[in-house]
1. Enumerate the pairs (first residue in segment 138-164 and closer than 21 Å to Leu41 by Cα; second residue anywhere and among the hydrophobic types (A, V, I, L, M, F, W, C) and assigned to a loop (DSSP other than H, G, I, E, B)) with beta-carbon separation below 7 Å, excluding pairs fewer than 6 apart on the same chain, so at least 6 apart or on different chains.
2. Specify the residue that is nearest to Glu54 (Cα to Cα); the eligible residues are those in segment 95-113 that are of a type in the set (Val, Ile, Thr) and open to solvent by less than 30 Å² (accessible area, probe 1.4 Å).
Amino acid sequence: MRDAVDLITEHWTIERPDVDVSPMAVIGRITRLSRVLEQDLKRFFAGHGLEFWEFDVLATLRRSGGSTGLTAGALNRAAMVTSGAITNRIDRLETKQLVRRCPSPGDRRSILVQLTDEGRELVDRLLPLHMDNEQRLLATLGATERTQLADLLRTLAVALDDTALD
């Protein structure tokens, strides 16, 4: 079975036999699959009236925010976007009444972002559907292959210092 990256690396091997293009076999596939998966996830969430990033913020609050919520800084680190972008995202989710800003009880200078009841219900309703969609995307891999792939990707992520979440 061949894919587009096989063709690309073959062409490079012919054009530049002096250059080892073997890293492209991994990086190229990760990059291409990232785009394919992102497009599928965007379609999935659009079908539920959300942007992918909106679900990401809501899900982060649901799994890590507890009853108090998270600071914009914690959401910023989890989303890996600029502080301006996370402020914009919080504003948009607040307009949809899926999150609210509340003063931190321990530090009045700090603001916490919390899920509203509607936001929590939305995440809880969509999470099983989202997991079904991801199961579909990975259906060609068996359980052992998924575990191996997850382990290999984790090893690479840790080596590239992508270890902090929020």
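1. Arg146/Leu138; Leu149/Leu141
2. Keep residues of segment 95-113 that are of a type in the set (Val, Ile, Thr), which gives 95, 99, 111, 113.
Subset that is open to solvent by less than 30 Å² (accessible area, probe 1.4 Å): 99, 113.
Details: Val99: 11, Val113: 14 Å.
Filtering first and then ranking leaves Val99.
The values are calculated or read from the model by the stated rules, or taken from the named source; none is laboratory data. No experiment lies behind these values; they were computed from the predicted model shown. Neighbour counts run over all protein chains shown; Cβ positions are idealised from the backbone, glycine included. Ligands, DNA and RNA are excluded from the accessible area calculation, which covers all protein heavy atoms including side chains. Shrake-Rupley method; radii C 1.70, N 1.55, O 1.52, S 1.80 Å.
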